[in-house]
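Read-outs throughout are calculated quantities, based only on the coordinates presented, and are distinct from any laboratory measurement. Since we're looking at a predicted model, the values are computed, not measured.
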Amino acid sequence: MQTLKDQRAVVTGGSRGLGLGIVEALVARQAHVTVVARDAARLVELQRRLGVAIAAGDVADRTSPRACWATSGPPSWSSMPASPRRWDRSIP
């Protein structure tokens, strides 16, 4: 298994589903992971269980990435299974 030791990763929507799977895989490879999600209770549980950094926020809010990076520093890479869907507004 390839190690990601000392690399920083940010995963949006990482508190459940596909995002959570990505978080678990990154932690298993020793990356320093910051999880961004809206559900603060789930984030606290993830922090306790996996030792990840957490940032409560909504990726549709443009200030969330700045707040996250202020906490964790710029990531080596990021994964955004949850991303803003601005295009939804044009669908009737």
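Descriptive notes on the structure:
- Stretchable slack from residue 49 to residue 7, in nm (0.36 nm times residue separation minus alpha-carbon distance): 13.1 nm
- Amide H contacts for residue 76 (H built 1.01 Å from N in the peptide plane; partners 5 or more residues away or on another chain; cut-off under 5 Å): 8, 9.
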